[in-house]
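The block underneath contains the structure these notes are about, expressed in structure tokens.
The values are calculated or read from the model by the stated rules, or taken from the named source; none is laboratory data. Model, not experiment: these values are computed from the prediction. Cβ: placed from backbone, ideal geometry, glycine included. Neighbour counts: every protein chain shown. The area values use the complete protein model at the heavy-atom level, side chains included, leaving out ligands, DNA and RNA. Shrake-Rupley method; radii C 1.70, N 1.55, O 1.52, S 1.80 Å.
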Amino acid sequence: MRGMQKLKRDKIFLLLLLPTILYYVIFKYMPMFGIVISFKQYEVFKGIWESDWVGLKHYITFFQSPSAWNLIRNTFLIGFYSLIFGFPAPIILALLLNELRQNGLKRVFQSLSYLPHFISIVVVTSMATMFLSPTNGIVNELLGFLGIDPIPFMQKASWFRTIYVSTGIWQEVGWGSIIYLAALTTIDPQLYDAAEMDGASRGKKMWHITIPGIMPAIVILLILRVGNIIDIGFEKVYLLYNPATYETADILSTYVYRTGLVAGNFSYGAAIDVFSGVIGLIFVVTVNHIARKVGENSLW
Amino acid sequence: MVKRLQPFDVFNILLLLLFSATVLYPFIYMISVSLSSSAYIMRGEVTLLPKGFTTHVYETIFNSSRIVTGYKNTIMYVVFGTTISLVLTTMAAYSLARKTLVMRKQITFFIIFTMLFNGGMIPTFLVVRSIGLLDTIWAMVLPTAISAWNLFVMRTFFQGMPVELEESGNMDGLGDIGVLTRIILPLSKPVLATIGLFYGVAIWNNFFSALLYLRDSELFPLQVVIRQLVMMGIITTEGQNSDEMEVDQAVKFATIIIGTLPIIMTYPFLQKYFVKGVLIGSVKG
């Protein structure tokens, strides 16, 4: 009866947890069971349980559709480019801030760099849309000044990834640098003093002390980022793309939104949801597995 | 010790100044255009400071019922949603911070698992619809009520509090709830402020829930109104003339500015608390 006694003792704390558990059951676990509709032909009047089973029909339809490959490629490519350009950016910013000797200035730069993180995606994408407008956007006015004809950036599929990745860096680089700046403060200052006595240059100190000092943080964050590589914000793509750029911009989640939710093919959309969820899970689990191994090794 | 400014320092400062400019300039530019008169905007003469200062577009905006409704809705969602989120998160985090809690491991895993896998957009939509949240204020509050990340940041904070606090509370005859409300919470103001601000900003910026769960334009939050304005343009006002397009641009910028202003105004507070929040979160519990 020890279990019962414990339950009784912790009664109040379990009660405090109850609303949160209910939240997770309703908004997270019920949708997981709702996945069954991807194996059914969902009909509104019949509901989830009464609708007919169709097996893997929706999955097969998706993989045979001409858009499937393009969607998967776009999802991975946007994730990949965000990673290779977006990952080093905060490290570089942190190193530059770290080299700054004027503490007041450093604080000002730092505070400014976080600001975009708090701006909504709607506002960031609206700004991008307006600044890049071919008729009265400031970027095209500037290009006109240099004698370049206006470019309809938002209508060009070839520009989509660049816009997506660069606005992403603009918004998150400062926020991302916080963790590295924190890691930098843990480096023993005696190392720098010793290097100074040996006559090491600033570049050498950065290369041999600073970067190795934050390497564990870099490795861990890189692993986490790779795990979430296809976890691309639906909102931002939705807000930036349009039919003219679907070719490079359309990703699994935006396709689910259009063909599944808006057009009402709930079962078909859910099948693609499940597919992308499983791929995401495989990535996270694999990468966490690797992280654990790296974690063990780094003990040496 | 005085250090001489080396070429690298100059280069570094210039680079960081340039970076700061790319952060600040878009906002300065938008504010200036929104405060300039249309003739100057049309000729593309506004670059840094407003020219032909006028607050005309702001008057237009505050006379637009769509924007005013959006603003009111967003404020309502933020106040209501942040309260609910913060109360639930605090209760859960405090309980999970107890090392002796029965089934602590299982409950933690139950929450962490949802960070790794979820049902996806459509099954979630169907659940939200089936419990009747579509086109209600709850749609903006409940589906995103608890963030596992915030929950674990708070739990880590509570775990860092000395056990003696609770023991002394108990000796003074306080029950478990009394210890929480009389002793723990007053000492937790910084973390409550941090998490409250995180939730508040997230709700202020939330576009996704509105896109999926709201059809009734009377319930639209500001973000949806901004989006509609920028995409489709023009607050329908009578008597628009030839410089419609340029005024239109000013109106859009002004809308973006008023939609962002509360974030920028609370930024000093955000600043003060959020770095702490991030750093608490990065320490394993």
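A few remarks follow.
The rows are residues; the columns are (1) more than 22 Å from A:Gln110 (Cα to Cα); (2) in a helix (DSSP H, G or I); (3) at pLDDT 85 or above.
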site	(1), (2), (3)
A:Tyr180	no, yes, yes
A:Leu184	no, yes, yes
A:Leu191	yes, yes, yes
A:Glu196	yes, yes, yes
A:Gly199	yes, no, yes
A:Trp207	yes, yes, yes
A:Ile211	no, yes, yes
A:Ile214	no, yes, yes
A:Ala217	no, yes, yes
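- Highlighted here are the helices (runs of 4 or more DSSP H) found entirely within segment A:103-155 that include at least 1 residues which are of a type in the set (D, E, K, R): A:103-114, A:138-145.
- Any hit, segment B:93-107, residues being surrounded by fewer than 20 Cβ atoms within 10 Å (Cβ to Cβ) and closer than 30 Å to A:Ala271 by Cα: yes
- Filter result for A:Val226 (part of a helix (DSSP H, G or I) and either open to solvent by 40 Å² or more (accessible area, probe 1.4 Å) or at positive phi (or both)): yes
- Within segment B:127-155, residues that are within 8 Å of chain A (Cβ to nearest Cβ) and closer than 16 Å to A:Pro19 by Cβ sit with their Cβ atoms under 8 Å from residues that are in a loop (DSSP other than H, G, I, E, B) and open to solvent by less than 40 Å² (accessible area, probe 1.4 Å), at 6+ positions apart or across chains, in these pairs: B:Leu142/B:Leu133; B:Pro143/B:Leu133.
- Here A:Val54 fulfils each of the conditions (1) open to solvent by 40 Å² or more (accessible area, probe 1.4 Å); (2) free of Cβ contacts under 8 Å to residues at least 40 places away in the same chain; (3) over 30 Å from B:Thr266 (Cβ atoms) apart from (2).
- Residue check for A:Ser201: in contact with a Ser or Thr (Cβ under 9 Å, 6 or more places away or on another chain) and open to solvent by 50 Å² or more (accessible area, probe 1.4 Å): no
- Of all the listed residues (B:Phe208, B:Phe274), the sole one being on the phi < 0 side of the Ramachandran plot, at pLDDT below 85 and under 15 Å from the mean Cα position of the chain (by Cα) is B:Phe274.
- Any chance B:Phe198 is within 13 Å of another protein chain (Cβ to nearest Cβ), surrounded by 20 or more Cβ atoms within 10 Å (Cβ to Cβ), modelled with pLDDT under 90 and assigned to a helix (DSSP H, G or I): yes
- A single member of A:Ile91, A:Ile12, A:Ile26, A:Ile37 is more than 28 Å from A:Arg225 (Cβ to Cβ), of a type outside the set (Phe, Trp, Tyr) and modelled with pLDDT of 95 or more, and it is A:Ile26.
- Residue within segment A:36-53 that is assigned to a helix (DSSP H, G or I), of a type outside the set (Lys, Arg) and at positive phi present: yes
- Of all the residues in segment A:76-102, those that are assigned to a loop (DSSP other than H, G, I, E, B) and within 14 Å of chain B (Cβ to nearest Cβ) number 3.
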